[in-house]
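Written below as structure tokens is the structure these notes are about.
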Amino acid sequence: MKFVVRMLVSAAAVFGVAYLSGGALLSVDSFWPAAVYAAVALAVVNAVVRPVVRVLTFPVTLLTLGLFGLVVNALMLYIVDWVVPGVSTTGFWQTVVASVLISFASSVAGKLLEGDDD
């Protein structure tokens with residue numbers, strides 16, 4: 001049940017960033033199905049692709065004191081843009097900002113849900 005709630009919170013974060021930015025950071029056609037599919041795709045990409053990319057980019061991340069991790073987050077969002085119809089990014093720096101906002105909202109919601117034991 002927590003997985004479904006986390007996916008819905010992540011979908012709300014994706015849709016919220018797109019809606020509140022007016023499409024300047026990220027463009028999502030609708031909450032259902034585009035934002036929900038984007039949240040599921042982002043979860044799969046973060047579980048499968050991100051660990052490989054983080055290992056390959058570890059030297060660069062170490063040299064930049066972790067700031068390259070923001071670029072890795074943006075690349076994961078670019079993959080979601082490529083896979084999910086109805087989701088589009090607007091530019092590199094906008095995608096970096098959108099990925100930071102989505103990560104922040106998802107992590108805050110995850111911490112709030114962590115205390116709730118059903």
Q | Residues being open to solvent by 70 Å² or more (accessible area, probe 1.4 Å) and under 20 Å from residue 93 (Cβ atoms) - total across segment 2-21 | A | 2
Q | Matching option when the condition is closer than 18 Å to residue 27 by Cβ, modelled with pLDDT under 95 and within 13 Å of the chain's Cα centre (by Cα), among 105, 98 | A | 105
Q) Is there a residue in segment 65-81 that is among the acidic types (Asp, Glu) and assigned to a helix (DSSP H, G or I)? A) yes
Q.
Looking for something touching a residue at least 12 places away in the same chain (Cβ under 8 Å), open to solvent by 70 Å² or more (accessible area, probe 1.4 Å) and part of a helix (DSSP H, G or I) - is there at least one such residue anywhere in segment 38-53?
A. no
Q.
Given the criteria in contact (Cβ under 8 Å) with a residue 12 or more places away in the chain and either of a type in the set (Ser, Thr, Tyr) or more than 12 Å from residue 99 (Cβ to Cβ) (or both), does residue 17 qualify?
A. no
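The rows are residues; the columns are (1) buried (at least 19 other Cβ atoms within 10 Å of the Cβ); (2) within 20 Å of residue 2 (Cβ to Cβ); (3) touching a helix residue (DSSP H, G or I) at 6+ places or on another chain (Cβ under 8 Å); (4) modelled with pLDDT of 95 or more.
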residue	(1), (2), (3), (4)
36	yes, yes, yes, no
110	no, yes, yes, no
114	no, yes, no, no
117	no, yes, no, no
**Q.** Criterion violated by residue 27 - all others in (1) without any contact (Cβ under 8 Å) to a residue 60 or more places away in the chain; (2) small (Gly, Ala, Ser); (3) open to solvent by 20 Å² or more (accessible area, probe 1.4 Å) satisfied
**A.** (1)
Q) Given the structure, is residue 62 open to solvent by 30 Å² or more (accessible area, probe 1.4 Å), in contact (Cβ under 8 Å) with a residue 40 or more places away in the chain and among the aliphatic types (A, V, I, L, M)? A) no
Q: Can you confirm whether segment 1-8 contains a residue that is in contact with a strand residue (DSSP E or B) (Cβ under 8 Å, 6 or more places away or on another chain), of a type in the set (D, E, K, R) and over 16 Å from residue 103 (Cβ atoms)?
A: no
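The values are calculated or read from the model by the stated rules, or taken from the named source; none is laboratory data. Here the structure is a predicted model, which means the values were calculated and not measured. We place every Cβ from the backbone using ideal geometry, glycine too, and count neighbours over all the protein chains shown. The accessibility values were calculated without ligands, DNA or RNA, using every heavy atom of the protein model including side chains. Shrake-Rupley method; radii C 1.70, N 1.55, O 1.52, S 1.80 Å.
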